[in-house]
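Structure first, commentary second.
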Amino acid sequence: MGKSTQPLLKRCKALGINPVVMGYTKESKRNQKEVRRAKKSEYGLQLTEKQKLRFIYGILEKQFRSYYVMATKKPGVTGEVLLQILESRLDNVVYRLGFAKTRQQARQMVNHGHITVNGKKVDIPSYLVKVGDVIALKESSRTTGIKTLVLANGDKVVPSWLESDAENFTGKVVALAARSDIDFAVKENLIVEYYSK
């Protein structure tokens, strides 16, 4: 699998993302002065929005494009459906429930088999959860250092489309994510325009 080795804060700055969106609390103190850049073309703006979304969710181009194709086949506004699909990935749900500090950490927890969906172990981070699914920390994982990690993230605000039970290390998908549940600025219509050329 491809992996970006570029420094996270540098990438956030280039894409105009606040590092808090990625789960990091630190900010860069270097080069705080305003840098004048040439005006971006329409294509440049579309590409930046796509790259921003890919970076936030940690998805490679081929998989992102397949999510876009999936979104075009579903009823509703394509851009909002795309965001809904990305939010319903298992690694994102684990992050949103507060089981991990970052989506990258959540992906690793899923890969290592610490997460169950409806009582069955699922080790595929791109697994798409459905309404009514119960996500939990595996029984054997509750005694390890992962338990302390989850407890440390207990004060994290859980979105309205999820229910969290921090004491039992479980969460439930109550509904699919709505556009209003996205906590970062993204212009999904530019992504739709990018792919519909």
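Some notes on this structure:
- When the listed pairs LYS121/LYS187; LYS39/LYS74; LYS156/LYS187; LYS73/LYS138 are checked against a 32 Å cut-off, the alpha-carbon distance exceeds it for LYS121/LYS187; LYS39/LYS74; LYS73/LYS138.
- Evaluating 6.51 cos²θ - 1.76 cosθ + 1.60 at θ = phi - 60° for every residue in segment 178-185, the Karplus couplings come out as 9, 4, 5, 7, 6, 9, 9, 7 Hz, glycine and proline recorded as x.
- Principal axis extents of the C-alpha atoms in segment 64-197 (largest first, rounded to whole Å): 51, 25, 25.
- A straight Cα-to-Cα reach below 20 Å connects LYS197 with the aspartates and glutamates GLU42, GLU49, GLU61, GLU80, GLU188, residues fewer than 8 places away in its own chain not being considered.
- Share of carbon and sulfur in the accessible heavy-atom surface of segment 52-193 [1.4 Å probe, %]: 53
The values are calculated or read from the model by the stated rules, or taken from the named source; none is laboratory data. Just so it is clear, the model here is predicted, and its values are computed rather than measured. We work out accessible area using only protein heavy atoms, side chains counted, and drop any ligands, DNA or RNA first. Shrake-Rupley method; radii C 1.70, N 1.55, O 1.52, S 1.80 Å.
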